[in-house]
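The values are calculated or read from the model by the stated rules, or taken from the named source; none is laboratory data. Note that the structure is a prediction, hence the values are computed from the model and not measured. Backbone-built Cβ (ideal geometry, glycine too); neighbour counts: all protein chains shown.
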Amino acid sequence: MNRIRTTVALGLVLSAGLVTGCSGAAEPEAKPGGGETGKATESASASAAPRNPVYQGKPVPGLAAKPAWSAEEGNCASKAYEPDTGRLDVCTVGDAVIVTDSNDRQSDVSTFTARLLDAKSGELRKKFEFTVPKQDGSSPPTFARAQVAEWRDGSPALLIRNRVDTPASGLKKATTQTVLTMYAPSGEKLGSSSFDGDTHMITPVRYGYLEEAGLSQGSTFTPIGDGEPQTSETTHIDLERRVGSGTGYFSQEDISFQPSARWITAKDVVTGRKAWSTKDLAPPAAIAKLVTADKATTARLMPFQGDKVLLGWSSYGDSEEVMTLVDVKSGRRLAEGPAIETNGTIEDDGLAISPDGKTAVVQYGEGAVAWNTETGKELWRQAEDEVTIRPNALPGNGVLYAYLDGTGAALGADDKKLLASGIEEMPQFTTNGYATIRTSEGLFVFAVQPV
């Protein structure tokens, strides 16, 4: 992999200060225009008022009756760590909203625009505009993407991918580069790197690292911005079981036949070093009393928040599991939660966590359970005669947004009382008390209210 460090993306013009509109002055290191076929303008503005389409949907419990503001664009961003599906439905990044628009209606150029907006006011924080000429009247390959990601400390971030094609000139061959730049929700640049070719237009990015995972020959983690690539023996299968922030940890099964057990060992993704094993940890009391000379425990590791992860314990061969919250680096138990009945499938799994991390609603088996992650106290449990509750969001306004057998609904967070059902578009929440809803008319941003 041929990698080129850069402070300013090739073909990307960064405004020196706040400007009006979408043009900006080039920094000294930027290459304005030149021979690139992909050109981008990046700008910031404190007074760009969005247009106001009218919201025609039904009221949603926990949101204000009327939107605080709206935008014409119905498209948002994708997720930086997921395979490219073409879906642009991730609209929030920290305390900001991201909207995008592609325009190839002109005969000679195609334009991709991304706007990072203040969630409270709708004011423009930063605008990215990429324009490329069409060749022979045909559409060019994908040349820009806006994606929601996380920075190395786990904080929300925006990733802009930009393909830059430079045509042949004289003795110089035509070249293609991919520029990856990450921004904080404020619009501040966090880091930027350039790579030869266009392969990394779709390579997953997680916690500020470009991840190239092999089928059997290990993985490479390249930080966006400063730092050198790190290689690891972990495969894409190991990374599917990863938890924690940064490059994280993965769990490896340790199967025993005498006694019968399926312990797990948590290992550092990059170094492969063992962090801890359930073989060395004491299980919850309800599970410990089931351990015999012939039968020990089974465990599984699931993501939670940052470096806090869920560790489920069960007696080997049993379906009842006791949830615990542990520190991923040491395995130290932080809280012991309620028991759940597992079903061996993940299709309807779900997890919603309150902003303060003190309340969680999980669906990892036969029904959802809400519990206090500090005390371990169970708050409520889905009854056997109730439809499947798959938690979606718990924004701290007294509402659990969830899917009831696939249908969007709002429930009381403390008692699962049904507040509304048939929600067509589930809201997405910012970190500062706002929520977005996408409709065919545009994007609408509401203040979050307690119920």
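Here's a check for you: in segment 57-71, which residue that is aliphatic (A, V, I, L, M) and surrounded by 22 or more Cβ atoms within 10 Å (Cβ to Cβ) is farthest from residue 435 (Cα to Cα)?
So in segment 57-71, the residues aliphatic (A, V, I, L, M) come out as 60, 63-65, 68, 71.
With surrounded by 22 or more Cβ atoms within 10 Å (Cβ to Cβ) added as a condition, the list becomes 60, 63, 71.
Working: 60: 11, 63: 8, 71: 13 Å.
Applying the filter and picking the extreme gives 71.
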query: Out of all the residues in segment 244-252, is one or more touching an Asp or Glu at 6+ places or on another chain (Cβ under 7 Å) and polar (S, T, N, Q)?
result: yes
query: Counting just the residues of segment 420-429 that are outside any loop (DSSP other than H, G, I, E, B) and surrounded by 18 or more Cβ atoms within 10 Å (Cβ to Cβ), which one comes out farthest from the chain's Cα centre (by Cα)?
result: 423
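Of these, 432, 392, which one is under 14 Å from residue 363 (Cα atoms), among the polar types (S, T, N, Q) and within 22 Å of the chain's Cα centre (by Cα)? I'd like the intermediate steps shown before the answer.
Numbers: 432 fails: under 14 Å from residue 363 (Cα atoms).
Answer to the check: 392.
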message: For the list (1) surrounded by fewer than 16 Cβ atoms within 10 Å (Cβ to Cβ); (2) polar (S, T, N, Q); (3) under 17 Å from the mean Cα position of the chain (by Cα), I need the number of the one condition that residue 92 fails.
response: (1)
statement: Sole miss for residue 197 among (1) more than 30 Å from residue 277 (Cβ to Cβ); (2) within 17 Å of the chain's Cα centre (by Cα) is condition (2)
message: Pairs please, first residue from segment 225-245 and under 13 Å from residue 301 (Cα atoms), second anywhere and charged (D, E, K, R) and surrounded by fewer than 18 Cβ atoms within 10 Å (Cβ to Cβ), Cβ atoms under 9 Å, 6+ apart in sequence or on different chains.
response: 243/307; 244/307; 244/329
- prompt: Can you pull out the residues in segment 277-302 that are in a strand (DSSP E or B) and either within 17 Å of residue 256 (Cα to Cα) or basic (Lys, Arg) (or both)?
  reply: 277, 295, 296, 297, 298, 299, 300
- request: Among the residues of segment 237-261, count how many are over 17 Å from residue 305 (Cα atoms) and loosely packed, with under 15 Cβ neighbours inside 10 Å.
  value: 8
query: Among the listed residues 140, 83, 156, which satisfies the condition of being in contact with an Asp or Glu (Cβ under 7 Å, 6 or more places away or on another chain) and either closer than 15 Å to residue 186 by Cα or modelled with pLDDT under 90 (or both)?
result: 156
